[in-house]
Amino acid sequence: MIAYETVPSEGRPWLTLVHGFSQNRHYFEPALPHLAGKVQLLLVDLRGHGESAGLPGPFGIEEYADDLEQVLAAEGVERTHYWATHTGTAVGLVLALRQPELFGRLVLEGAVLPGFPMPRTSELQARASGVARSHGVPAALEDWFEHADWFAEMNDHPLETNASGQRQLVNEFSGSPWLSDLAPRPVTDVRSRLAEIHGRTLIYNGAVDLEEFEQGAAILEVELPNAERIVIPGAGGFPLWEKPNTVIPAVVKFLER
């Protein structure tokens, strides 16, 4: 089973927090003090990440969803709100179709929409995999942080966005998904089934996010039955990390409504 931790708060609803590719559950640390006492927290490390780094592949959205499903069942979570970034958003959308009764509200940062082509993301993943295989994971991590578009705002404004903290988080990534030859299962075509997801959803992006993430967010805003969207000024691919004082109050307000 993947590594995870819980932060109990008796009588409060659950909130599951799921990080993005090359990160781990500590991505959400800026938000934790603001959530204390309001919700019960479940934080996971996806397969190949954080304390789940030693688990074997395949490393795909469906496999990540399987792992999260197992953790939720083990903890007896029958219903949870859900806050995720990047890869974690795709996992949540897949699970929301598998078990619609499981989710309350969804909060999606830099959403990855299965079924919507993301050529730049695929190109950057292929580049990182090639560097990891030819020059090793540390070299791939260096290249990843310097050249992946979603880190551009941090690289351009390192002090204002706590880039060093995010870089430290990325440096903890095992890189095992880049080295794996095991093919993941085909992912659910979520886009064709968005009308089946009826829970209220908050979608947010940085104002200078990668174009294909902005396009995916625009589709979700229109095609999800109960969605709203905000754009975070001065933020790029990871607004929670870059602009926590703007993002956290907006998410807490959304969850409390």
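Each value in this text was obtained by applying a stated rule to the coordinates, not by laboratory testing. Every value quoted in this text rests on a predicted model; they were computed, and no experiment measured them. Counting neighbours? That spans all protein chains shown, and the Cβs are built from the backbone with ideal geometry, glycine included.
Checking the structure you have, find out if any residue of the range 135-148 is under 30 Å from Leu97 (Cβ atoms), outside any helix (DSSP H, G or I) and within 17 Å of the chain's Cα centre (by Cα). Yes, there is a match, as at least one residue in the range 135-148 is under 30 Å from Leu97 (Cβ atoms), outside any helix (DSSP H, G or I) and within 17 Å of the chain's Cα centre (by Cα). The lone criterion from (1) surrounded by 18 or more Cβ atoms within 10 Å (Cβ to Cβ); (2) more than 19 Å from Asn171 (Cα to Cα); (3) touching a Leu at 6+ places or on another chain (Cβ under 7 Å) left unmet by Ile61 is number (3). Within the range 98-126, if we keep just the residues that are of a type in the set (S, T, N, Q) and assigned to a helix (DSSP H, G or I), the residue that is surrounded by the fewest Cβ atoms within 10 Å (Cβ to Cβ) turns out to be Ser122.
A residue that is farther than 21 Å from Val252 by Cα and free of Cβ contacts under 8 Å to residues at least 12 places away in the same chain occurs nowhere in the range 27-41. For Leu95, the conditions (1) touching a residue at least 60 places away in the same chain (Cβ under 8 Å); (2) assigned to a helix (DSSP H, G or I); (3) within 17 Å of Arg47 (Cβ to Cβ) all hold with the exception of (1).
Within the range 11-37, the set of residues being surrounded by fewer than 16 Cβ atoms within 10 Å (Cβ to Cβ) and in contact with a strand residue (DSSP E or B) (Cβ under 8 Å, 6 or more places away or on another chain) comprises Arg12, Pro13, Leu32, Ala36.
Among the residues of the range 163-176, those identified as buried (at least 19 other Cβ atoms within 10 Å of the Cβ) and either more than 16 Å from the chain's Cα centre (by Cα) or not in a helix (DSSP H, G or I) (or both) are Ala163, Phe173, Gly175, Ser176.
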